[in-house]
Every structure is written in structure tokens, then in C-alpha cells.
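**Q** This is the structure, below, for whatever I ask next.
The values are calculated or read from the model by the stated rules, or taken from the named source; none is laboratory data. What you see is a predicted model; the values in this text were computed from it and never measured. We place every Cβ from the backbone using ideal geometry, glycine too, and count neighbours over all the protein chains shown.
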Amino acid sequence: MKSRSEIEVSEVWKPVVDYEGLYEVSNLGRVRSLSRAWKSRYAVNTFPGRVLAQAVKRNGYRVVSLSSQNKQKQFLVHRIVLEAFVFIQPDGMEACHANGDRGDNRASNLRWDTRSGNHQDKHLHGTAQVGEKANNVKLTDRIVAEIRRRKLTPSQAMREFGLSKTNAARIVNGVTWRHISA
């Protein structure tokens, strides 16, 4: 494991796009504010720069709050890193994490790719929301495997497991739950 001094030597900082002079982002996925001075009615005050705390959203992505001209806005850290170290998001492209870890925002782990490429990555990493991992799922992998193992007709599967006619037919015919074999 690298020591703190080794990390600081290998860490490169670049300005955050549209927040130049206020914030910087590192190739390791950290974001910091820069020292600033402002004039109040009675004195010149200074605000020392610091590394910002990152919040983790429920979906696992990290965000930071940046402010400019008294307006605060939340940004996804991986997008800030990509825009600073690669280039601004091209139309039709998404940010992709090469290792599938949404919290790993190192520049070397990120790239712009198509939605299709991003979904292919999710299948490679096992993070795709298919089967039991999907939102609002009513079946389990075990039930679908049982339907296919017993070679039930859509009508039988519908009655036995309380499925809709369409859903039963799609499971029996292998249209959905394709990752489950008999």
C-alpha cells in the first residue's frame, strides 16, 4: 500500500470545468476547493482551500457540492474527473467505470462510452439489474428455473405461480430471464 506522501506525489490536480479558479479535481477522484479571499465591509477575509467531503448516493455514485456566485449545485464525481482529465461529455455518451465500482473515480478507471457499452460492462462485472437484482421483481431465479425445468406451459405457469399471461409466456419462451437455464 502506498504511503500518504507517495499518493500526493502521484496525484495530479486539474481545474473543474466551469469552476476554474474555485475548485480542482485530482486523477484519484478527489475534489478540493481553492483558497479564496473576499472583501467584506471591514476587512479582507480568506477562506483556506480544502479537500471536499463526498456524499454517496443510494445508487452508489459519489457526489460533491460546488458553489459559484452564491449558487450551490451537486455534481457526480466521476463526471467531473472525466471532463477534467479526458474531455467534456460527447453527445450520446455515458461515463463508464472500467471495474464496475461506482465509488472508484480514478481517471484511469473511467471512460466515455455508449449506453450499449456501459450495459455490456454491467454484464461483465455482474452489476446488471437482471433477474432477482432488478427493481420491483416478483419472481426469483429459483422459481424461473423450476418453471423451465418442469417444462410448464404458459397457462400452467400462470396458474401455479400467479403470473400474467404475457409474463408467463415470455418466461417459458426464454424472452425474459435469459440468464436462467432449465
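**Q** Please determine, by comparing only the residues of the stretch 21-65 that are in contact with a helix residue (DSSP H, G or I) (Cβ under 7 Å, 6 or more places away or on another chain) and of a type in the set (S, T, N, Q), which one is surrounded by the fewest Cβ atoms within 10 Å (Cβ to Cβ).
**A** Checking each candidate, the answer is Gln54.
**Q** Read through the list (1) more than 18 Å from the chain's Cα centre (by Cα); (2) exposed (fewer than 13 other Cβ atoms within 10 Å of the Cβ), then give the number of the only condition that Val144 fails.
**A** (2)
**Q** Need the failing condition index for Phe87 against (1) farther than 30 Å from Ser116 by Cβ; (2) within 21 Å of the chain's Cα centre (by Cα); (3) among the hydrophobic types (A, V, I, L, M, F, W, C), just the number.
**A** (1)
**Q** Also: Kindly indicate whether Ala95 is surrounded by 13 or more Cβ atoms within 10 Å (Cβ to Cβ), touching a Leu at 6+ places or on another chain (Cβ under 6 Å) and closer than 30 Å to Val12 by Cβ.
**A** Against the criterion (surrounded by 13 or more Cβ atoms within 10 Å (Cβ to Cβ), touching a Leu at 6+ places or on another chain (Cβ under 6 Å) and closer than 30 Å to Val12 by Cβ), Ala95 qualifies.
**Q** Would you confirm, using the coordinates I've provided, whether Asp91 is out of contact with any Gly (no Cβ under 8 Å at 6 or more places or on another chain), at positive phi and among the acidic types (Asp, Glu)?
**A** No; evaluated as a whole, the condition is false for this residue.
**Q** If you don't mind, another one. Take Arg159 and tell me if it is surrounded by fewer than 17 Cβ atoms within 10 Å (Cβ to Cβ), within 30 Å of Arg58 (Cα to Cα) and either in the same structural domain as Asn27 (by TED's automatic domain parsing) or at pLDDT 85 or above (or both).
**A** Answer is no for this residue.
**Q** Would you check which residues across the stretch 97-114 are touching a residue at least 60 places away in the same chain (Cβ under 8 Å) and either farther than 19 Å from Ala55 by Cβ or not assigned by TED's automatic domain parsing to the domain that holds Trp13 (or both) and list them?
**A** Ala107, Ser108, listed by residue number.
**Q** Given the condition part of a strand (DSSP E or B), touching a residue at least 60 places away in the same chain (Cβ under 8 Å) and over 17 Å from the mean Cα position of the chain (by Cα), answer yes or no: does some residue in the stretch 66-73 qualify?
**A** no
**Q** Considering (1) touching a strand residue (DSSP E or B) at 6+ places or on another chain (Cβ under 9 Å); (2) under 22 Å from Arg111 (Cβ atoms), say which one Ala53 fails and leave the rest.
**A** Result: Ala53 fails condition (2) only.
**Q** Which residues, taken from the stretch 49-92, are closer than 18 Å to Lys14 by Cα and at pLDDT below 95?
**A** Gly49, Ser67, Ser68, Val86, Phe87, Ile88, Gln89 - these are the residues of the stretch 49-92 that are closer than 18 Å to Lys14 by Cα and at pLDDT below 95.
**Q** Just checking, how many residues over the stretch 149-175 are farther than 18 Å from Val137 by Cα and either in contact with a Gly (Cβ under 9 Å, 6 or more places away or on another chain) or not aliphatic (A, V, I, L, M) (or both)?
**A** Of the residues in the stretch 149-175, 9 are farther than 18 Å from Val137 by Cα and either in contact with a Gly (Cβ under 9 Å, 6 or more places away or on another chain) or not aliphatic (A, V, I, L, M) (or both).
**Q** Take the stretch 74-94 and flag every residue that is within 15 Å of Asn27 (Cα to Cα) and free of Cβ contacts under 8 Å to residues at least 40 places away in the same chain.
**A** Result: Leu76, Arg79, Leu82, Val86, Phe87.
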